[in-house]
Amino acid sequence: MDNKIFFDHDSLISDDGISNKTDNSGNETIKEEIEKKSKSLLYSTKVTCPVCENVFNATTVKSSAYRMINKDSDFFIRYSLINPYFYDVWVCNSCGYAAMKSDFNTLRKTEIDLVYKLITPKWRGRTYPEIYDVNTAIERYKLSLLNYIIINAKASKKAINCLKLAWMYRLLETENAKEIELRYLTQALDGLNDAYYVEAFPLYGMNKYSIMYLIGELNRRTGHSDQSLIWFSTIITTPDVKDNLKKLARDMKYLIKEEGTTNAKSSSLAATTNNKFSANKPDEENTTKKSGFLSKFFKH
Ligand SMILES: [Zn+2]
């Protein structure tokens with residue numbers, strides 16, 4: 001485990017090059033309107049921390065506010081109106097415990113002790129604005145990832161947390177963010193590979209075949225085409241798999257083949273699947289070498 005833990009939020013933020021600046025574009029009236037609208041889509045849930053028993057308000061998105069626009073090929077859902085992923089992590093400001101909300105109350109006694117011993121003494125406290133943006137979301141997903149690492153959580157938890165972090169970086173749409181996205185996708189893949197063989201399905205609502213597809217797709221996105229083709233082919237030839245998942249696997253398989261022959265000249269399919277990485281990504285080695293915050297935690 002990497003013991004270099006960042007609880008200074010400035011260094012946690014600057015570590016991965018997230019901008020701390022607020023967006024000054026657009027006029028104040030529009031910003032206020034958007035804020036007002038966003039607030040109307042949120043409500044507070046009273047949560048009792050399983051570690052320190054502090055009761056706090058967790059900001060939650062009203063389910064009626066979910067507006068799905070489309071889905072990327074690795075299951076990342078694009079939303080309009082408000083982004084529910086931003087509010088997926090709950091943080092107890094009293095003790096520093098953080099987790100994705102579906103895991104928040106599932107701590108065992110030994111895990112509670114670990115948070116108390118290793119997180120709480122270093123926790124400095126943090127206040128967040130009422131409305132979260134992508135940078136806040138990234139910070140909160142990192143805090144929850146840190147907690148998962150400290151409590152030796154299952155590989156699937158760390159993997160899904162890393163996947164969501166990768167998606168948040170995807171939203172930033174900068175060259176630097178793309179590199180970091182790839183790093184978290186790689187870690188998500190490592191974790192899912194472990195989880196696939198040792199954990200019981202479903203995992204985060206995904207059955208065995210969905211996880212197989214996701215492993216195939218993360219292999220594709222991280223430049224491991226050969227591995228990817230093996231997973232996709234298995235899905236396509238397994239009788240029990242639903243047609244829509246088979247179709248996705250076929251589309252991605254086609255995309256790999258097409259990239260192999262045409263060197264990926266932005267095909268329409270590539271554009272719709274947010275394919276940013278070609279099969280033989282030249283700077284992949286460079287990316288993985290650049291080890292940053294939490295980069296080694298899946299190594300045994
Ligand atoms: Zn707490």
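Values quoted throughout were computed directly from the atomic coordinates according to the rules given, and no laboratory measurement underlies them. These numbers were taken from a predicted model, which means no experiment stands behind them. Cβ coordinates were reconstructed from backbone atoms using ideal geometry, including for glycine residues, and neighbour counts include every protein chain displayed.
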Checklist outcome for this item: Residues of the range 35-93 being of a type in the set (Asp, Glu), in a loop (DSSP other than H, G, I, E, B) and away from the ligand (no atom under 16 Å from the Cβ), in sequence order, are 72, 74, 88
Item to check | Where residue 47 falls short, out of the listed (1) crowded, with 16+ Cβ neighbours inside 10 Å; (2) closer than 30 Å to residue 255 by Cα | outcome: (2)
Checklist entry - Can you name every residue in the range 94-104 that is within 16 Å of the ligand (Cβ to nearest atom) and either free of Cβ contacts under 8 Å to residues at least 12 places away in the same chain or within 21 Å of residue 202 (Cα to Cα) (or both)? => result 99, 100, 101, 103, 104
Next on the checklist: Pull out all pairs, ordered by first then second residue, where Cβ-Cβ is under 9 Å, the residues are six or more apart or on different chains, the first lies in the range 50-65 and is without any contact (Cβ under 8 Å) to a residue 24 or more places away in the chain, and the second is among the hydrophobic types (A, V, I, L, M, F, W, C).
Outcome noted: 55/47; 55/49; 57/47; 62/41; 62/42; 62/82; 64/41
Checklist entry - Is it true that some residue in the range 205-218 is outside any helix (DSSP H, G or I) and exposed (fewer than 14 other Cβ atoms within 10 Å of the Cβ)? => result yes
Checklist entry - Taking the condition of a type in the set (Ser, Thr, Tyr), closer than 21 Å to residue 248 by Cα and under 13 Å from the mean Cα position of the chain (by Cα), does residue 222 pass? => result no
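Condition check ((1) within 16 Å of the ligand (Cβ to nearest atom); (2) surrounded by 20 or more Cβ atoms within 10 Å (Cβ to Cβ); (3) among the basic types (Lys, Arg)) across all residues:
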site: 112; (1), (2), (3): yes, no, no
site: 115; (1), (2), (3): yes, yes, no
site: 124; (1), (2), (3): yes, no, yes
site: 127; (1), (2), (3): yes, no, no
site: 130; (1), (2), (3): no, no, no
site: 143; (1), (2), (3): yes, yes, no
site: 161; (1), (2), (3): no, yes, no
Checklist outcome for this item: Pairs returned, first residue in the range 231-246 that is in contact (Cβ under 8 Å) with a residue 40 or more places away in the chain, second residue that is of a type outside the set (Lys, Arg), beta-carbon separation under 8 angstrom, 6 or more apart or interchain, are none
